[in-house]
Amino acid sequence: MDTEATAARIADGDRRALARAITLVESGREDHRAQAIELLEALKRLKRQAIRIGLSGTPGVGKSTFIEAFGCSLTGRGLKVAVLAVDPSSARSGGSILGDKTRMERLSREPGAFIRPSPAQSQLGGVARRSREAIALCEAAGFDVVLIETVGVGQSETVVAEMSDLFVLLLAPAGGDELQGVKRGIMEMADLILVNKADGDLKPAATRTCADYSGALKLLRKRPQDPEGFPKAMLVSALEEEGLEKAWDEMQFLIKWRKENGFLDTIRAEQARYWFREEVRQGLLRQLETGAAKAVMERLGTEVARGEITASQAARTALARIADR
Ligand SMILES: Nc1nc2c(ncn2[C@@H]2O[C@H](COP(=O)(O)OP(=O)(O)OP(=O)(O)O)[C@@H](O)[C@H]2O)c(=O)[nH]1
Ligand SMILES: [Mg+2]
């Protein structure tokens, strides 16, 4: 691969070059990894930035419908929109969230839109790196907005929040008056809660749910990166395309405020530091999987089990030997 030429094509907004580069960052092969890193370094020089919006919600809340409608409203404003997915659960049928690209038929036909389904992968660490790098590629390709979708079933929200400028939680109207078992930790990550399906018969329930969450958000500890009134909860209907413009206005307001107050840069800097540490951690864990490391662990483990050596002493020896290699 000619890195400079590929970088130039991506910078030009060439979709095929972008798609191929994403395939490259998804690859686990050592030589591909080296090429990917070189390409990302070259593209970093462009210093292009998109608004990165993380979007999470449990299955069925309307993520696909929302992304389709919201994405189209953005392309309608002349913005270029990329949609990526973070899906740690390869157990899902087909192993890809945006496998339902057909359900985003309208958006996928928009010339200003780029939709990339997630590959079937199981390991969250690998998915996270691939997603971060795909975001960087989309930014270099000149997209204005990158939407990162994840299905809200566990740790994937944290992963997505750690690579977004803005984290949106999509909720459906609750049946009763109880909060929908949304974990406090996830609420604390949200910048904007959108209660979807605020239409037809569901409207009263949606309105109640929205009021409940507005109240709950006010009880959270105030974060320095938030202007007055944030995080906030709002009503939308992805199906009837209601509230989407308002949601976009709120997002823009928040981004602008954070930019002007220096938080956007500090958030990104902290995220970069987080991912650097995370990759080193992952790399060290992978070292444990090598044959030599396994042999050391096995041998010392046996000695510990036999009572010949203490666990602490064995751990110290193991770390020294593995780090030595
Ligand atoms: N009434 C109403 N129904 C909606 C709305 N948005 C989505 N739905 C419906 O809710 C169902 C699920 O919508 P999806 O967009 O597929 O939900 P999802 O979150 O992508 O679901 P998964 O991909 O399974 O995680 C579909 O039948 C949609 O038509 C809305 O604003 N109002
Ligand atoms: Mg979906």
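Couple of notes before you dig in:
- Scope the range 219-248; condition in contact (Cβ under 8 Å) with a residue 24 or more places away in the chain and among the hydrophobic types (A, V, I, L, M, F, W, C); matching residues: LEU220, PHE230, ALA233, MET234, LEU235, VAL236, ALA238, LEU239, LEU244, ALA247, TRP248
Conditions (1) in contact with a strand residue (DSSP E or B) (Cβ under 8 Å, 6 or more places away or on another chain); (2) within 21 Å of ASP249 (Cα to Cα); (3) at pLDDT below 90, marked per residue:
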position: VAL168; (1), (2), (3): yes, yes, no
position: ASP177; (1), (2), (3): no, no, yes
position: ALA190; (1), (2), (3): yes, yes, no
position: LEU194; (1), (2), (3): yes, yes, no
position: ALA198; (1), (2), (3): yes, yes, no
position: PRO204; (1), (2), (3): no, no, no
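- Hits in the range 35-56 (condition: among the polar types (S, T, N, Q) and closer than 10 Å to THR3 by Cβ): GLN35
- If the condition is being in a helix (DSSP H, G or I) and either within 20 Å of the chain's Cα centre (by Cα) or closer than 25 Å to ILE267 by Cβ (or both), then the range 21-38 contributes ALA21, ILE22, THR23, LEU24, VAL25, GLU26, ALA36, ILE37.
- Evaluated against (1) surrounded by fewer than 17 Cβ atoms within 10 Å (Cβ to Cβ); (2) farther than 28 Å from THR65 by Cα; (3) at pLDDT below 95; (4) not aromatic (Phe, Trp, Tyr), ASP12 falls short on exactly one condition, (3).
- Residues satisfying the stated conditions in the range 128-163, i.e. within 16 Å of ligand 2 (Cβ to nearest atom) and either within 10 Å of ARG52 (Cα to Cα) or among the β-branched types (Val, Ile, Thr) (or both): LEU147, ILE148, THR150, VAL151, VAL153, VAL160
- Selected residue (criterion: farthest from GLY112 (Cα to Cα)) from residues of the range 127-153 that are part of a loop (DSSP other than H, G, I, E, B) and more than 13 Å from the chain's Cα centre (by Cα): VAL153
- The range 189-210 residues that are part of a helix (DSSP H, G or I), paired with ones that are exposed (fewer than 15 other Cβ atoms within 10 Å of the Cβ) and of a type outside the set (D, E, K, R) (beta carbon under 8 Å, 6 or more apart): ALA205/GLY175
- Restricting attention to the range 280-298 and to residues that are at pLDDT 90 or above and surrounded by 14 or more Cβ atoms within 10 Å (Cβ to Cβ), the residue that is farthest from ARG316 (Cα to Cα) turns out to be ALA293.
- Sole residue being under 27 Å from ASP265 (Cα atoms), exposed (fewer than 15 other Cβ atoms within 10 Å of the Cβ), at pLDDT 90 or above and among the small types (Gly, Ala, Ser), chosen from GLY54, GLY71, GLY78: GLY78
- Members of the range 52-67 that are more than 6 Å from ligand 1 (Cβ to nearest atom) and under 12 Å from LYS197 (Cβ atoms): PHE66
- Meets criteria (more than 21 Å from the chain's Cα centre (by Cα), small (Gly, Ala, Ser), in a helix (DSSP H, G or I) and surrounded by 15 or more Cβ atoms within 10 Å (Cβ to Cβ)) for ALA17: yes
- Residue check: LYS63 meets all listed conditions (1) more than 16 Å from ligand 2 (Cβ to nearest atom); (2) at pLDDT 90 or above but one, namely (1).
The values are calculated or read from the model by the stated rules, or taken from the named source; none is laboratory data. Predicted model, so just to flag it, every value in this text is computed and none were measured. When we count neighbours, we look across all protein chains shown, and the Cβ atoms used for this are built from the backbone with ideal geometry, even at glycine.
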